[in-house]
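Undergrad: First the structure, which I've put down as structure tokens, then a few questions once you've had a look.
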Amino acid sequence: MGNLVFGQQALPTLAIEADTARYEVRRIFCVGRNYAEHALEMGNAVDRSAPFYFTKSPFAVLTDGADFPYPPETQDCHHEMEFVVALSDDGIFGYACGLDMTRRDLQAIAKEKRRPWDVAKDFEHSAILGALTPAERFGDIGHQAISLRVNGETRQNATLDTMIHSVPAILQDLAKFYTLGAGDIIMTGTPAGVGAVQRGDTMVGSIDGLSDLVVNVV
Ligand code: MN
């Protein structure tokens, strides 16, 4: 193999609670409309037949409490607080808080024109991921609260057991389409209450049993 003309582009890594090792991210799968109240607030029917997905590049990851630069080409950048599942080669490695940042205005145009969502969803810093908690320490997924506050005001607030498609159901379905393994991240969808952020805002995402995600919009 020859030398690379522009050198190596390292994949992003996530911190792991109580561990000095880090988790390398290779793919990011996102589930759409996985909470009924959110599907309804976006004007969609609730579809329980099967999950659907879009993806983000690993180079869209923002970690370790870094600031979120307000993205270009949008007037309506939304927060979507999500429960994040990180896989190993044998199953689930751990969980984290995540934010699926979205150019909602561009997504609305894409939906109307039946175009792909990429520029609305997969842009630099749009996949904000917190530190991972190992699955055995988190325990069973159930009635844990998931919430997002912006400048101290609660915007999103639900429990993980209100997902339309559970984590095991998502994994079983997604594995029909992809050979899943270590480095694969799944953002499992957002509860109702999505909304716009502005420069100067502070977002605090919380899920019971996981470390908070704190991000400033700059
Ligand atoms: Mn989402």
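Undergrad: As I understand it, the dipole of the chain uses +1 on the Cβ of Lys and Arg and -1 on the Cβ of Asp and Glu, about the Cα centre. Which of Ala50, Gly98, Leu213 lies farthest toward its positive end?
TA: It is Ala50.
Undergrad: Largest first, what is the accessible-area ranking of Asp105, Asp212, Asp89, Asp201 with a 1.4 Å probe?
TA: Asp89, Asp212, Asp105, Asp201
Undergrad: Can you give me the P(r) profile for segment 176-218? Cα pairs, bins 10 angstrom wide beginning at 0, each as a whole percent.
TA: 19, 38, 29, 14, 0
Undergrad: Can you send over the carbon and sulfur percentage of the accessible area for segment 54-129, probe radius 1.4 Å, protein chains only?
TA: Whole-percent figure for carbon plus sulfur exposure: 49.
Undergrad: Could you tell me which of rounded, prolate or oblate describes segment 1-138, using a ≥ b ≥ c as the square roots of the eigenvalues of the alpha-carbon gyration tensor, with rounded for a/c under 1.5 and, failing that, prolate when a/b is larger than b/c and oblate otherwise?
TA: Oblate, since a/c reaches 1.5 and b/c is not below a/b.
Undergrad: Now for a separate question. Which one, Gly152, Ala135, Trp117, is farthest towards the positive end of the dipole of segment 84-154 when Lys and Arg carry +1 and Asp and Glu -1 on their Cβ?
TA: Highest projection toward the positive end goes to Trp117.
Undergrad: What nm value, rounded to one decimal, do you get for the distance between Gln75 and Glu112 when each label is placed 7 Å out toward the C-beta?
TA: 1.2
Undergrad: How many angstrom separate the Cα center of segment 169-215 from the Cα center of segment 1-56?
TA: 7
Undergrad: Residues with beta-carbon under 15 Å from that of Thr179, excluding Thr179: net charge, scoring Lys, Arg +1 and Asp, Glu -1? Walk me through the intermediate numbers first.
TA: Details: positive: Arg26, Arg27, Lys176; negative: Asp89, Asp90, Asp173, Asp184.
Residues close to Thr179 contribute a combined charge of -1.
Undergrad: Tally up the carbon and sulfur contribution to the accessible surface of segment 148-218 as a whole percent, 1.4 Å probe, everything protein left in place.
TA: 48
Undergrad: Right, another one. Give me P(r) over segment 106-218, computed from all C-alpha to C-alpha distances, binned every 5 Å, as integer percentages.
TA: Binned Cα distances yield the sequence 2, 9, 15, 20, 22, 18, 10, 4, 1.
Undergrad: What fraction, in whole percent, of alpha-carbon pairs in segment 22-216 exceed 23 Å separation?
TA: 37
Undergrad: Label-point separation (nm) for Asp67 and Glu124, each offset 7 Å from Cα along Cα-to-Cβ?
TA: The two pseudo-label positions are separated by 1.4 nm.
Undergrad: Evaluate the relative contact order of the chain (contact order divided by residue number), counting alpha-carbon pairs under 8 angstrom at least 6 apart; express in whole percent. Don't skip to the answer; put the middle values down first.
TA: Details: 506 pairs, mean separation 65.2, N = 218.
Over the chain, the number comes to 30 percent.
Undergrad: With a probe of 1.4 Å, find how much accessible area segment 22-216 has per residue, and write the answer as a whole number in Å².
TA: 45
Undergrad: Under a Cβ-only charge scheme (Lys and Arg +1, Asp and Glu -1), can you give me the dipole magnitude of segment 22-216 about the Cα centre, in debye to the nearest 20?
TA: About 500 debye.
The values are calculated or read from the model by the stated rules, or taken from the named source; none is laboratory data. Note that the structure is a prediction, hence the values are computed from the model and not measured. We place every Cβ from the backbone using ideal geometry, glycine too, and count neighbours over all the protein chains shown. Each accessible area value is taken on the protein alone, full model and side chains, heavy atoms only, with ligands, DNA and RNA left out. Shrake-Rupley method; radii C 1.70, N 1.55, O 1.52, S 1.80 Å.
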